[in-house]
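A short write-up of the structure that comes next.
Please treat every number below as a calculation from the coordinates, not as lab data. Predicted, not measured: the structure shown is a model, and the values here were computed from it. Note: ideal-geometry Cβ built from the backbone for every residue, glycine included; neighbour counts use all protein chains shown.
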Amino acid sequence: MDRTLFSVVIPAHNEEKYIGRCLRAVIRASEYVRPDTVEIIVVANRCTDRTAAIAKHYGARVLVNHEKCIASIRNTGVRAAGGEIVVTVDADSMMTKYALAEIREKLESGKYIGGGTMPKFDRMSLGIAASSLYVAINLLPVMIKNGGFVSGAMFWFYKRDFEAVNGFDDSLISLEDMDFAVRLKKYGKKKGKKYGTLKHSYVLTSSRKFDQFGDWYLIRNRKLTKRIFTGKDRQAADSFYYDIR
């Protein structure tokens with residue numbers, strides 16, 4: 001094969017604590033496809049730590065993006081991707097070892113336009129469970145309006161279909177993942193394809209937001225949570241995502 005099959009895109013803002021384990025998980029998953037068909041792209045966003053150096057140590061290609069907009073950060077990586085299949089996973093998450101193999105199987109079946117997977121937190125509590133349920137309930141009307149459940153956490157798709165739906169919407173500073181999933185699903189429906197969820201693979205993601213803010217924070221601060229769900233509230237997004245150290 002004379003071109004990269006997979007491009008794994010990882011947005012990263014000061015992730016020196018997590019990026020190594022994320023990359024090791026990608027490298028392990030690569031062994032179940034073919035390591036020489038997988039490229040890793042880390043998009044370093046406003047990093048002041050060793051994120052970029054660690055990524056280079058593991059053989060990742062490092063790009064730089066300075067915007068406080070996760071959609072723009074994701075787009076930077078995907079648009080630079082050389083692979084026909086793109087997977088985007090957060091730097092504080094680890095894909096399981098058969099993830100790339102399962103993604104390839106689903107896409108090459110011709111039945112799927114792309115999809116997501118289910119996340120598992122690296123620790124669980126009543127507060128985290130209740131918060132997750134609260135978020136799901138608040139997103140339910142959006143899902144119903146747009147044709148049902150769409151998974152996120154780690155997206156996978158052909159780059160050509162990413163381009164067809166114009167990528168992630170960089171007018172959104174939060175909730176860009178849900179918006180992308182909805183548009184990809186609608187595009188797939190026109191093509192006679194389904195939006196899928198990995199059945200055997202998942203991502204293990206850190207509970208750091210709960211560690212930092214408290215397990216009940218999203219429920220205790222419901223007004224802030226709803227503002228984040230608008231996708232365009234800069235102050236709310238900065239206070240929970242972009243300006244947090």
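Quick look at the values:
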{"read-out": "Whether region 168-242 is rounded, prolate or oblate, judged on the alpha carbon gyration tensor where a/c under 1.5 counts as rounded", "value": "oblate"}
{"read-out": "Value in Å of the Kirkwood radius, where region 3-151 supplies the Cα pairs that are averaged", "value": "16.6 Å"}
{"read-out": "Which listed pairs, of LYS97/LYS209; LYS68/LYS106; LYS97/LYS226; LYS111/LYS145; LYS56/LYS193; LYS120/LYS194, have C-alpha distances above 31 Å, in listed order", "value": "LYS68/LYS106; LYS97/LYS226; LYS56/LYS193"}
{"read-out": "DSSP H segments from the chain that extend 20 Å or more along their own axis, Cα-based, with Kyte-Doolittle mean of -1.0 or above", "value": "126-145"}
{"read-out": "Under the Karplus curve 6.51 cos²θ - 1.76 cosθ + 1.60, θ = phi - 60°, whole-Hz ³J(HN,Hα) for region 57-68, x wherever Gly or Pro sits", "value": "4, 8, x, 7, 7, 10, 10, 10, 9, 9, 7, 8"}
{"read-out": "Packing-based order for 101-112, 131-142, using average beta carbon neighbours within 10 Å, highest first", "value": "101-112, 131-142"}
